[in-house]
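Here's the structure, in structure tokens; my notes come after.
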Ligand code: ATP
Ligand code: MG
């Protein structure tokens with residue numbers, strides 16, 4: 001069944017000029033781009049997005065990184081979008097990511113790993129609503 005997921009092209013990938021190449025991988029994999037914008041967020045806004053990770057040791061560093069430059073939030077649609085995007089992204093640590101995945105091709109480290117993807121329907125709904133208003137996705 002057609003499903004929506006949420007993604008972010010992270011500041012490292014935008015800085016390195018990989019935005020279009022990553023979007024091409026996403027479209028090639030059959031995702032429809034329903035929402036797309038290029039913005040930057042404050043540290044407080046990054047903390048709100050990653051609130052589930054607030055107890056993790058890397059929380060401060062992660063939210064500093066995510067507010068360090070432009071990001072490209074995306075809403076993507078296809079059958080099985082949430083699981084299929086996670087597969088296309090590859091493992092969190094690019095050193096462990098499979099050949100052909102976005103993180104294998106474009107990520108530099110476990111933190112600066114090029115792309116975010118929602119991990120479940122509930123997180124996708126929260127994350128889409130955090131970055132996009134309904135009228136932007138009509
Ligand atoms: P994302 O949620 O961004 O799609 P993920 O689900 O693969 O990535 P999570 O465990 O949810 O990984 O971690 C969220 C993000 O925090 C990672 O994408 C990465 O940027 C950062 N991160 C995760 N583990 C570490 C770590 N050990 N050290 C530094 N940063 C980390
Ligand atoms: Mg995650």
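Tabulated results
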| quantity | calculated |
| --- | --- |
| In region 111-125, the residues that are assigned to a helix (DSSP H, G or I) and surrounded by 15 or more Cβ atoms within 10 Å (Cβ to Cβ) | 123, 124 |
| Members of region 102-126 found to be in contact with a helix residue (DSSP H, G or I) (Cβ under 9 Å, 6 or more places away or on another chain), within 15 Å of ligand 2 (Cβ to nearest atom) and over 20 Å from residue 63 (Cα atoms), listed by number | 102, 120, 121 |
| Number of the condition not met by residue 129 [criteria: (1) touching a residue at least 12 places away in the same chain (Cβ under 8 Å); (2) within 25 Å of residue 59 (Cβ to Cβ); (3) surrounded by fewer than 16 Cβ atoms within 10 Å (Cβ to Cβ)] | (1) |
| Number of the exception - residue 1 against (1) touching a strand residue (DSSP E or B) at 6+ places or on another chain (Cβ under 9 Å); (2) at pLDDT 95 or above | (2) |
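The values are calculated or read from the model by the stated rules, or taken from the named source; none is laboratory data. None of the values given here were measured: they were computed from a predicted structure. Don't worry about glycine lacking a Cβ; one is built from the backbone with ideal geometry, like all the others, and counts go over all protein chains shown.
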